[in-house]
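Below is one structure, written out as structure tokens, with a few remarks after it.
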There are 2 protein chains.
Amino acid sequence: MKKIVTSGEILVEIMAEDIGQSFLTAGTLKGPFPSGAPAIFIGQAARIGQPAVLIGCVGADDFGALNIRRLEEWGVDVSAISIHPELPTGTAFVTYRSDASRHFIFNMKHSAAGGISFNDAARAAVDSADHFHVMGTSLFSPQATSVALKGIEIIKDKGGTVSFDPNIRREMLSLPGMKVSLDHVLALTDIFLPSGDELFLFCEERTEPEAVDALLRRGPSAVIVKRGASGATYFDRDRTVETPACVVDEIDPTGAGDCFSAAFVAMWLRGADPALALRIAAAAGALAVTRKGPMEGIRSMAEIEAFLDQQEASR
Amino acid sequence: MKKIVTSGEILVEIMAEDIGQSFLTAGTLKGPFPSGAPAIFIGQAARIGQPAVLIGCVGADDFGALNIRRLEEWGVDVSAISIHPELPTGTAFVTYRSDASRHFIFNMKHSAAGGISFNDAARAAVDSADHFHVMGTSLFSPQATSVALKGIEIIKDKGGTVSFDPNIRREMLSLPGMKVSLDHVLALTDIFLPSGDELFLFCEERTEPEAVDALLRRGPSAVIVKRGASGATYFDRDRTVETPACVVDEIDPTGAGDCFSAAFVAMWLRGADPALALRIAAAAGALAVTRKGPMEGIRSMAEIEAFLDQQEASR
């Protein structure tokens with residue numbers, strides 16, 4: 001089995017209990033939940049049986065221990081998670097607005113997450129892996145970006161593959177050096193996994209077919225557009241494959257895109273055909289939203305398959 | 001009326017709901033509550049009518065806004081609270097163990113609280129004030145310590161007074177330069193306000209009378225030993241004055257010592273005799289523990305006096 005490596009932020013998430021709850025006043029919160037986009041991704045990849053390792057940094061506190069414990073339980077190789085002696089584990093406070101948008105207060109760049117470095121353990125993690133997954137969110141500082149760039153270069157040099165989920169906000173593109181780094185990542189990417197309009201972040205084209213064509217000429221051999229409750233579409237030079245979304249009651253959308261990407265990449269590394277990879281990915285993404293907490297909805301392969309059987313039976 | 005200035009950490013506090021609740025697993029939390037020992041102190045001082053200004057730093061986020069709003073509501077001069085463009089407002093997660101001890105996860109030194117500096121606004125705050133209160137917790141970094149040291153030097157140079165609440169953990173004494181800084185603060189202190197065994201942090205003596213004598217020879221003209229539910233004792237070269245604690249149902253002890261100190265210092269600056277200052281301080285400290293949240297139990301002078309009348313009537 002091919003091994004996946006990713007790098008980036010490991011956080012705890014603290015969630016406001018009520019829709020529209022403000023962080024300007026005290027209220028009921030739920031947490032700490034293990035979180036961080038690359039941690040969610042790697043947790044889902046491991047949970048469906050893919051060898052998986054995460055490069056990251058947490059504080060010497062309960063929040064770091066909570067994350068490491070969860071990832072270990074799910075079979076993630078945690079040997080490249082370093083424990084910073086001074087900086088606290090990163091935090092994300094989130095509240096949902098009544099229009100379903102999210103409002104965050106992050107402590108990421110200046111937390112232990114920002115203490116990530118390409119140390120010996122990171123090097124060993126990349127050496128042990130066949131595939132590097134780049135999370136857009138994880139390019140939050142020059143140091144964090146350099147870890148991902150070193151990782152994908154080593155992986156590509158030895159004939160490995162790269163996937164890229166550009167879950168970044170448009171403002172980030174204007175940070176110094178960011179556009180150049182992202183273009184470099186895209187050129188080395190085999191599988192590009194944008195959500196909705198992120199498809200248009202890296203090209204001038206303004207329609208989906210034109211944007212997909214342009215991206216497939218720039219590096220990726222496949223582009224998968226994630227559309228949440230509207231399903232997903234796989235594009236390569238020869239094929240377009242669609243999948244509908246699975247039907248679930250949404251409790252908490254955080255992590256759905258990360259779980260989708262993890263399941264798709266794992267299936268792709270196993271040589272699954274795109275239709276099957278998309279179905280498994282859509283199921284993983286759907287199950288992710290059925291629990292409160294970014295990683296609480298991560299399910300095993302057996303659970304995903306049982307869920308898909310049930311979805312198909314109810315059609 | 002004499003104006004009090006203090007400096008240091010402004011935080012939000014997030015509290016575990018249940019006794020014994022762990023931060024290694026998700027649970028119900030309450031918050032964000034405005035917090036930080038110097039913020040609690042200055043809030044109580046302003047709330048009982050003393051002119052008061054706080055030197056500190058928060059992030060450009062809801063948690064910073066929440067603190068500034070609360071302090072402004074209570075009449076604190078917030079002109080020396082700077083807003084850091086990058087660092088998030090500091091946080092303190094707290095859970096109570098079944099033995100009533102507290103377990104914290106802090107983000108302080110590397111948060112906006114650590115961005116404190118003796119800038120023009122801080123200088124203006126000290127210039128406008130007559131008295132500097134030093135919080136031991138606020139000497140958490142060389143930069144934060146230097147703000148307090150500059151402040152007390154300017155205050156003493158112009159004939160002002162200094163109070164010192166050494167609410168520090170014994171481990172802090174071994175930090176480089178800390179012991180020297182603390183001895184320097186103590187030499188410039190007029191009113192020293194230790195809680196319980198903190199009396200012995202700065203001297204070799206091992207009994208209370210000997211320790212008090214030694215401290216009164218080193219700078220302070222008065223030592224007030226805070227004993228929580230066992231009351232408090234005032235010592236100067238001529239007198240010993242005791243006060244019992246007020247009787248309340250304790251909901252949350254955080255902030256009680258800070259409120260006691262604020263009320264005592266304000267009364268002392270007004271020229272109150274020690275017995276009255278102690279009674280008001282004990283009432284402020286007792287009321288502080290009757291609400292969940294470090295600053296939620298802060299009460300006005302009218303409320304404190306009404307509470308004291310009620311306590312005396314029930315004896």
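None of the figures in this text is laboratory data; all of them are computed from the coordinates on show. Since this is a predicted model, take the numbers as computed values, not measurements. Here the Cβ positions follow ideal geometry from the backbone for every residue, glycine too, while neighbour counts run over all protein chains shown.
Please compute the length gained on full extension between B:K158 and B:R69, using 0.36 nm multiplied by the number of residues separating them and subtracting their Cα-Cα distance. Intermediate values should be presented prior to the final figure.
Values: separation 89, 0.36 × 89 = 32.04 nm, distance 3.13 nm.
Gain on stretching B:K158 to B:R69: 28.9 nm.
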GNM on chain A, C-alpha springs below 10 Å: top fluctuator among A:P51, A:P38, A:P176?
A:P176
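Set the Förster distance to 56 Å, then compute FRET efficiency between B:D18 and A:D238 from the Cβ-Cβ distance, nearest 0.05. Provide the component values of the computation, followed by the final result.
Values: r = 58 Å, r/R0 = 1.03.
About 0.45, to the nearest 0.05.
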Let me confirm one metric for peptide A:11-17, namely the mean number of other chain beta-carbon atoms within 10 Å of its residues' beta-carbons.
2
Label distances, nm, B:P244 versus same residue in remaining copies, Cβ-directed 7 Å point:
7.5
Shortest-first distances to equivalent copies, position A:G196, nm, label 7 Å out along Cβ
5.3
From Cα pairs below 8 angstrom and at least 6 apart in sequence, can you work out the relative contact order of chain A, rounded to a whole percent?
17
Quick one: go through region B:83-109 and flag any residue whose amide nitrogen is under 14 Å from the point 7 Å out along the Cα-to-Cβ line of B:E250.
B:96-103
From the alpha carbon gyration tensor of region A:4-313, can you work out the equivalent ellipsoid semi-axes (sqrt of 5 times each eigenvalue) and give them in Å, largest to smallest?
26, 24, 20
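What range in chain A is the longest one free of GluC sites (Glu not before Pro) that are in a loop by DSSP and have at most 11 other Cβ atoms within 10 angstrom? The partial results should precede the final answer.
On the way: sites that count: A:E86, A:E204.
That gives A:87-203 as the longest site-free run.
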Using a label point 7 Å beyond Cα on the Cα-Cβ vector, give me the inter-copy distances for A:S128 in nanometres, one decimal, shortest first.
5.8
Could you please point out the chain B residue with its Cβ nearest to the axis of the rotation taking chain B onto chain A, and the distance in whole angstrom?
B:L29, 2
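I need the per residue convex hull volume for region A:111-150, using only the alpha carbons, in cubic angstrom as a whole number.
65
For the protein assembly as shown, what does the alpha-carbon gyration tensor say about shape, rounded, prolate or oblate, given a ≥ b ≥ c as the root eigenvalues, a/c under 1.5 as rounded, and a/b over b/c as prolate? Please report the intermediate quantities before stating the final value.
Working: a/c = 2.67, a/b = 2.32, b/c = 1.15.
Note, shape of the protein assembly as shown comes out prolate.
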Please list, in order along region B:90-104, the HN-Hα scalar couplings obtained from phi with the Karplus expression 6.51 cos²θ - 1.76 cosθ + 1.60 (θ = phi - 60°), rounded to whole Hz, x for Gly and Pro.
x, 10, 9, 8, 10, 10, 9, 7, 5, 8, 6, 6, 10, 10, 10
Residue-averaged [θ]222 nm for the protein assembly as shown, counting only DSSP H segments that reach four residues, each worth -39500 (n - 2.57)
-11000 deg cm²/dmol
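For region A:37-145, calculate the relative contact order in percent as a whole number, restricting contacts to Cα pairs under 8 Å that are 6 or more residues apart.
On the way: 168 pairs, mean separation 29.1, N = 109.
Computed value for region A:37-145: 27 percent relative contact order.
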Each residue of B:106-113 has, on average, a number of other protein chain C-beta atoms within 10 Å of its C-beta equal to 4
Would you mind telling me which residue in B:L173, B:L24, B:L193 has the biggest mean-square fluctuation in a Gaussian network model of chain B, where springs connect alpha carbons within a distance under 10 angstrom?
B:L24
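Classify region A:10-155 as rounded, prolate or oblate, taking a ≥ b ≥ c as the square roots of the eigenvalues of its Cα gyration tensor: rounded when a/c is under 1.5, otherwise prolate if a/b is larger than b/c and oblate if not. The partial results should precede the final answer.
Values: a/c = 1.90, a/b = 1.78, b/c = 1.07.
Note, shape of region A:10-155 comes out prolate.
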Of B:C246, B:C259, A:C203, how do they rank once you tally other Cβ atoms within 10 Å and put the fewest first?
A:C203, B:C246, B:C259
Once you list every other residue whose beta carbon is under 12 Å from the beta carbon of B:G114, what net charge do they have if Lys and Arg are +1 and Asp and Glu are -1?
-2
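Please tell me which of these pairs span more than 27 angstrom C-alpha to C-alpha: A:K2/A:K109; A:K30/A:K179; A:K3/A:K226; A:K3/A:K30; B:K158/B:K226? Let's see the in-between values first.
On the way: A:K2/A:K109 31 Å; A:K30/A:K179 36 Å; A:K3/A:K226 23 Å; A:K3/A:K30 34 Å; B:K158/B:K226 29 Å.
From the list (A:K2/A:K109; A:K30/A:K179; A:K3/A:K226; A:K3/A:K30; B:K158/B:K226), the Cα-Cα distance tops 27 Å for A:K2/A:K109; A:K30/A:K179; A:K3/A:K30; B:K158/B:K226.
Give the percent of DSSP beta bridges with both residues in the protein assembly as shown that are antiparallel, rounded to the nearest 5.
Working: 45 of 99 bridges.
Around 45 percent antiparallel, to the nearest 5.
Across the residues of A:19-28, average count of Cβ atoms on other protein chains within 10 Å?
On the way: counts 0, 0, 0, 3, 8, 7, 8, 13, 4, 5.
Neighbouring Cβ atoms belonging to other protein chains average 5 per residue here.
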